[in-house]
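Notes follow once the structure below has been shown.
The values are calculated or read from the model by the stated rules, or taken from the named source; none is laboratory data. Please read these numbers as outputs of a predicted model, since none were measured by experiment. Here Cβ is always computed from backbone atoms with ideal geometry, including for glycine, and neighbour counts include all displayed protein chains. Protein only, heavy atoms only, side chains kept; ligands, DNA and RNA dropped before computing areas. Shrake-Rupley method; radii C 1.70, N 1.55, O 1.52, S 1.80 Å.
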Amino acid sequence: MAIDVLNPTPPNFKRVAGMDQVPPHVPKELIHSAGVTFGPEFLAAPHAFMAAMHDKYPPIYYDVSPYGNAWLAIKHDDALHILRNAEVFSNEGATPFPRDPDDYFYFIPQEIEPPQHRKYRNIVDPMFSPQGVMALEAQMRVLANELIDKVIDKGECDFTEAFGRPFPVTIFLRLMGLPVDMTDTFVEWAVALLHSNDRAIMGETMAKISVYLKSAIEDKKRNPDDGVVSRIAHAEIDGRPMSDKEIFGFVAFLFIGGLDTVFATLNNLWLWMAQNPDRRAEMIADPDNINAQVEELLRVHSVTFSGRTITRDFEMRGVQMKAGDKITCILPACNFDPDVFPNPTVVDFHRPKKIVLAFTVGVHSCMGAHLARLETKVAIQEWLKRIPDFSVKPGTQIEYRPGGVVGPHHLPLVW
């Protein structure tokens with residue numbers, strides 16, 4: 001949908017939630033309440049739940065939730081079509097974070113469609129490109145070993161606190177040019193925004209983030225450096241300086257997106273490795289296959305979803321959807337699609353190469369995908385080199401928080 005990026009205005013899409021707000025065009029047989037991201041069955045074993053969706057639900061169905069109704073797509077091919085077709089499936093208003101309607105801004109470039117979208121991505125692409133992130137590899141390995149040094153002789157740690165969080169978040173904050181010593185505060189904000197499922201808490205948290213980031217941006221304007229925030233603060237679009245709201249919306253989107261996803265991914269991967277010593281040994285015995293190992297583990301432990309707003313009436317698999325309807329691609333379920341990945345719940349490090357929807361695809365594919373893959377690769381290599389044998393601490397109950405990023409809340413390990 002056409003938007004004026006210099007004059008942000010809230011979209012007029014009506015937010016619908018609950019059974020009493022199901023639109024009349026939705027067939028009754030397609031209405032379900034699966035509890036994706038928050039239900040007790042989902043939270044008991046999220047990835048097993050999403051793998052089983054192919055046996056329990058239609059490929060496209062209308063999900064009713066107290067947090068917002070939407071069509072859900074669980075097939076790989078459908079997700080590819082949705083994510084690659086920005087004209088019909090728009091990102092405007094698809095980001096769920098609350099914003100002040102009197103001081104509205106767009107999350108950039110996530111909510112900006114082509115051709116403007118590419119102009120924004122070009123500003124930071126050199127830093128997030130394969131070549132750009134490879135320049136960080138040496139410091140990644142140093143950091144990984146520094147974190148391992150702190151716990152290796154103890155014989156145990158809470159992986160989330162000792163490695164899963166500080167490893168990717170430190171790398172990200174350094175790249176952004178933001179203070180690493182504020183990691184705990186930043187992560188606390190990200191958790192409240194992504195996992196509270198409470199609009200009031202989300203709004204309060206967004207306000208705190210806004211105050212901080214606006215101050216940080218002003219500091220970078222006065223004191224430029226080599227970080228992403230500074231690059232955005234001093235960038236131009238079509239020969240003009242970006243407006244304050246453009247700069248803020250760009251920085252805010254990267255800030256929110258960079259604090260939780262790799263953290264959750266590493267938690268998922270280490271839980272799997274701790275529970276599967278034979279497969280872990282297989283990984284160690286075949287170090288040259290590390291890239292395929294990472295990709296397969298990302299497939300079965302994807303952590304995010306991708307929502308869109310439908311811009312015009314559209315039919316998919318015989319399902320009639322209307323302009324203004326919301327649709328969400330359940331990316332982890334798509335990565336368990338048996339039509340694309342035979343025996344999808346089996347971790348197979350020698351699968352034929354297919355598109356893994358861990359970081360979406362299309363013009364809105366995740367800017368941090370190359371960074372996340374390299375972080376995951378380095379983390380696995382350095383950890384297994386020094387702590388090859390580990391398991392979940394006996395008596396541990398693995399718990400998952402509700403919300404749009406899926407990973408264990410805590411992961412106590414012993415070795």
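Of the strands (runs of 3 or more DSSP E) lying entirely inside segment 235-347, not one contains at least 3 residues that are without any contact (Cβ under 8 Å) to a residue 12 or more places away in the chain, surrounded by fewer than 21 Cβ atoms within 10 Å (Cβ to Cβ) and at positive phi. Each residue in segment 61-84 was checked for being open to solvent by 20 Å² or more (accessible area, probe 1.4 Å), touching a residue at least 60 places away in the same chain (Cβ under 8 Å) and not hydrophobic (A, V, I, L, M, F, W, C), and 6 pass. Here the condition is being on the phi < 0 side of the Ramachandran plot and open to solvent by less than 40 Å² (accessible area, probe 1.4 Å); of Pro40, Pro58, Pro10, Pro24, it holds for Pro58 alone. For segment 365-391, what are the residues that are open to solvent by 30 Å² or more (accessible area, probe 1.4 Å), of a type outside the set (S, T, N, Q) and under 23 Å from Asn145 (Cβ atoms)? Residues satisfying the conditions are His370, Arg373, Lys377, Lys385, Arg386, Pro388, Asp389.
Taking segment 2-95 and the helices (runs of 4 or more DSSP H) fully enclosed by it, the elements with 1 or more residues that are in contact with a His (Cβ under 9 Å, 6 or more places away or on another chain) and within 21 Å of Glu315 (Cα to Cα) are at 76-84. Residues in segment 377-415 that are hydrophobic (A, V, I, L, M, F, W, C) and either touching an Asp or Glu at 6+ places or on another chain (Cβ under 7 Å) or in a loop (DSSP other than H, G, I, E, B) (or both): Val378, Ile387, Phe390, Ile398, Val405, Val406, Leu411, Leu413, Val414, Trp415.
Yes or no: Ala207 buried (at least 21 other Cβ atoms within 10 Å of the Cβ) and of a type in the set (Gly, Ala, Ser)? No, not satisfied.
Select, from Lys28, Lys56, the only residue that is farther than 30 Å from Gln397 by Cβ and free of Cβ contacts under 8 Å to residues at least 24 places away in the same chain. If you could, list the steps in order and put the result at the bottom.
Numbers: Lys56 fails: farther than 30 Å from Gln397 by Cβ.
Among Lys28, Lys56, only Lys28 is farther than 30 Å from Gln397 by Cβ and free of Cβ contacts under 8 Å to residues at least 24 places away in the same chain.
In segment 65-82, is there at least one residue being touching a Cys at 6+ places or on another chain (Cβ under 9 Å), within 30 Å of Met242 (Cβ to Cβ) and at pLDDT 95 or above? The answer is yes, given that some residue of segment 65-82 is touching a Cys at 6+ places or on another chain (Cβ under 9 Å), within 30 Å of Met242 (Cβ to Cβ) and at pLDDT 95 or above.
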